[in-house]
Amino acid sequence: MSASQIPPATAVPGDDVPTLLVKIFGKDRPGITAGLFDTLAAYSVDVVDIEQVVTRGRITLCALVTAPSPSQGTGAAEGDLRATVHSWAESLNLQAEIISGRGDNRPRGTGRSHVTVLGHPLTAESAAAIAAAITSTGGNIDRIFRLAKYPVTAVEFAVSGAETEALRTVLAPEAAPLGVDIAVVAAGLQRRAQRLVVMDVDSTLIQDEVIELFAAHAGCEAEVAEVTTAAMRGELDFEQSLHARVELLGGLDASVVEAVRKEVRLTPGARTLVRTLKRLGYQVGVVSGGFTQVTDALQEELGLDFASANTLEIVDGKLTGRVTGAIVDRAGKARLLREFAQQAGVPLAQTVAIGDGANDLDMLNAAGLGVAFNAKPVVREAAHTAVNVPFLDTVLYLLGITREEVEAADTHVG
C-alpha cells in the first residue's frame with residue numbers, strides 16, 4: 001500500500017470525541033484480552049490505548065476506545081456495550097468498570113526520565129518516600145515496572161514533567177537513608193543506544209586489589225593495603241602511591257604472576273553482565289590502575305573488546321619493582337574511555353563507566369552514565385548514580401534490561 005492509499009487515522013480522537021475507559025480485573029487466564037476485544041468489536045469502536053499488567057496471577061486490563069455511535073444502528077449504543085461487557089466479564093468471574101470521558105490520555109509533561117530503584121529488600125516505606133520525592137519536583141509517575149525480583153528487587157518509574165537533573169538532585173540524598181540505590185537517567189532513544197561500557201577492575205570487575213595479591217607473596221600485604229586504601233579515598237597521589245607500592249614487590253620471581261591470576265575472584269554477576277552486554281551488541285572494556293599481567297588474562301577469559309592497565313617490569317625472571325610505560329591513573333582512565341569510544345565509533349554520551357575509587361572519578365564524570373559500584377563516599381557523592389549491592393549484573397537494570405530478558409537469552413543460547 002502506498003502512502004497515498006493509507007486511510008486517515010481515526011483511532012486518535014480529539015479532546016471533544018466521546019471515549020470509554022474499559023477496565024477489567026480478576027484472575028488471569030489465556031484468552032481474556034482476545035475475549036474483551038472480540039466483545040468490543042461488535043460495536044465498531046476504535047482502540048485508542050491499551051494497558052495490561054499481571055501481578056501474582058491477577059490481571060488488570062485497561063482499554064480506551066471510542067464510544068459507539070447511536071447512528072450505527074440498534075444495539076450499537078453505549079448502554080448496550082456496557083451491558084454486554086459486564087455480562088461477558090461476569091461469565092468469566094471477572095469484574096468490569098466502564099468510565100465515560102472525552103478524548104485521549106492527557107499529554108505527558110515535558111522532561112521525561114527513568115528512575116530505577118534497587119532494594120534488598122524494597123520496603124513500602126522507601127517506595128512511599130521515593131514517590132513523594134518525585135511528586136515534590138513536579139514530576140508525574142506515568143508507569144511503574146518491575147525489572148527484577150532477585151538478586152535484588154528492581155523497579156523502574158517512568159516519570160514526566162520534571163527535568164532529569166532536578167529529579168537526580170532530589171532523589172540522590174534519599175537513597176542512603178532508605179537503604180536503596182536510585183538511578184535517574186533521561187528517557188529517549190539515547191538510553192537504548194549506550195553501546196560502550198568501561199569498567200574499573202580492582203574491587204569492581206573483580207573482588208580483589210591485585211597489588212595486594214602480589215604483596216601477599218612479598219610479605220608486605222598490610223603495608224601495601226594501607227597505602228592502597230588511602231589512595232582510593234583520594235588522600236594520596238595515585239602515581240606516587242603506585243610507585244611506592246610496586247617498589248616493595250622488587251625481587252619477586254615472575255612465576256608469581258600466574259599464581260596471582262589464579263587467585264583473582266570475579267565479582268558476583270560479572271560474567272552475567274559482560275555476557276549479556278555482548279549479546280546486546282555492546283562493546284565492553286576495562287581500565288585499571290593494576291597490571292596488564294592480570295587484565296590481559298581477564299580480557300581473554302571474558303571476551304572484552306578493550307583493556308588497558310599498568311605493566312610490571314620483569315627482567316631476568318624477576319619483578320624489578322618498577323612499572324613500564326605511561327601510568328594509568330585518574331586522568332589516564334578518562335583519556336582511555338575517550339579513546340575506546342572513538343575506536344568503537346560510539347559518542348561519549350552513549351558510554352557507561354563503572355568504578356569504585358577516587359581514581360575513577362574523571363572517567364565516571366566523562367561518561368554518559370557514571371556508576372559508582374560499592375564505592376568510597378567521595379565517589380558515591382560525585383557519580384551520576386551508585387550501586388551498593390554486591391552484584392555487578394544489577395547495572396543491567398539501570399540500562400532497562402530485565403532479569404527475565406537475561407535469563408531468556410541464557411536459555412536460548414544454552
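Leaving out ligands, DNA and RNA, and with a 1.4 Å probe, what % of the accessible surface on the chain is carbon or sulfur?
With neighbouring chains kept in place, the figure for the chain is 51 percent.
Suppose the Debye formula is applied to equal point scatterers at every Cα of the chain; what is log10 I(q)/I(0) at q = 0.06, 0.12, 0.14 Å⁻¹?
Debye curve over Cα of the chain, log10 I(q)/I(0) at q = 0.06, 0.12, 0.14 Å⁻¹: -0.36, -1.00, -1.22.
Can you bin the range 19-145 into rounded, prolate or oblate? Criterion: square roots of the alpha carbon gyration tensor eigenvalues sorted a ≥ b ≥ c, rounded for a/c under 1.5, prolate for a/b above b/c, oblate for the rest.
Cα axes put the range 19-145 in the oblate bin.
Rolling a 1.4 Å sphere over the protein heavy atoms, what is the accessible area per residue of the range 79-147, to the nearest Å²?
Result: 58 Å² per residue.
Would you kindly find the accessible area of Asp80, with a 1.4 Å probe and non-protein molecules such as ligands, DNA and RNA excluded, rounding to the nearest 10 Å²?
Probe radius 1.4 Å; accessible area of Asp80 about 60 Å².
Among 360-366, 249-255, what's the highest-first ranking by average C-beta atoms within 10 angstrom per residue?
Result, highest mean Cβ count within 10 Å first: 360-366, 249-255.
Test of understanding: in a Gaussian network model of the chain with alpha carbons linked when under 10 Å, which of Val184, Val152, Val315 would top the mean-square fluctuation ranking?
Taking springs between Cα atoms under 10 Å, the residue moving most is Val315.
What is the extension gain from Glu90 to Thr60, computed as 0.36 nm multiplied by their sequence separation minus the C-alpha to C-alpha distance, in nm to one decimal?
Using 0.36 nm per residue and subtracting the Cα-Cα distance, I get 9.3 nm.
Sequence gap at least 6, Cα distance under 8 Å: using those rules, report the relative contact order of the chain to the nearest whole percent.
14 percent
Going from most exposed to least, what order do Asp142, Asp356 have by accessible area with a 1.4 Å probe?
Working: Asp142 55, Asp356 0 Å².
Ranking Asp142, Asp356 by accessible area, largest first, yields Asp142, Asp356.
Excluding residues on the same chain fewer than 8 positions from Lys27, give the lysines whose Cα lies under 27 Å from its Cα.
Lys149
Return the calculated 222 nm mean residue ellipticity for the chain, to the nearest 500 deg cm²/dmol, obtained by summing -39500 (n - 2.57) across DSSP H runs with n ≥ 4 and dividing by the residue count.
That comes out to -11000 deg cm²/dmol.
What does the charge count near Ile59 come to, summing +1 for each Lys or Arg and -1 for each Asp or Glu among other residues with Cβ under 15 Å from its Cβ? Let's see the in-between values first.
Details: positive: Lys23, Lys27, Arg29, Arg56, Arg58; negative: Asp28, Glu51, Glu97.
Value of the local net charge: +2.
Picking from His384, His114, His86, which is most flexible by a Gaussian network model of the chain using Cα springs under 10 Å?
His86
Using a cut-off of 20 Å between alpha-carbon atoms, which lysines can reach Lys318, once sequence neighbours fewer than 8 places away in the same chain are excluded?
Lys262
Taking only Cα atoms of the range 286-414, what ratio of Rg to Rh do you get with Rh as the Kirkwood inverse-distance radius? Write out the running numbers ahead of the final one.
Numbers: Rg = 16.5 Å, Rh = 16.2 Å.
Looking at the range 286-414, the ratio lands at 1.02.
With the dipole of the chain worked out from charges on the C-beta (+1 for Lys and Arg, -1 for Asp and Glu) around the Cα centre, which of Leu21, Ala175, Ala344 lies farthest toward the positive end?
Toward the positive end, the furthest listed residue is Leu21.
Which one of Arg245, Arg279, Arg338 has the biggest mean-square fluctuation once the chain is modelled by GNM with Cα springs under 10 Å?
Most flexible of the set in this elastic network: Arg279.
Could you give the length gained by full extension between Asp15 and Thr311, i.e. 0.36 nm per residue of separation minus their alpha carbon distance, to one decimal place?
99.9 nm
For a protection proxy built on the mean count of beta-carbon atoms within 10 angstrom, sort 32-39, 205-212, 302-309 highest first, please.
205-212, 302-309, 32-39
Quick one: P(r) of the range 226-325 from all Cα-Cα pairs, 5 Å bins, percents rounded to integers, in order of increasing distance.
2, 11, 18, 21, 19, 15, 9, 4, 1
Restricting to Cα pairs below 8 Å that are 6+ residues apart, what does the relative contact order work out to for the range 152-240? Please round to a whole percent.
With pairs under 8 Å counted, the relative contact order is 12 percent.
The values are calculated or read from the model by the stated rules, or taken from the named source; none is laboratory data. A quick note: this is a predicted structure, and the numbers were derived from the prediction, not measured. FYI the Cβ positions are ideal-geometry reconstructions off the backbone, even for glycines, and counts take in every protein chain you see. Heavy atoms of the whole protein, side chains included, go into the accessibility calculation; ligands, DNA and RNA do not. Shrake-Rupley method; radii C 1.70, N 1.55, O 1.52, S 1.80 Å.
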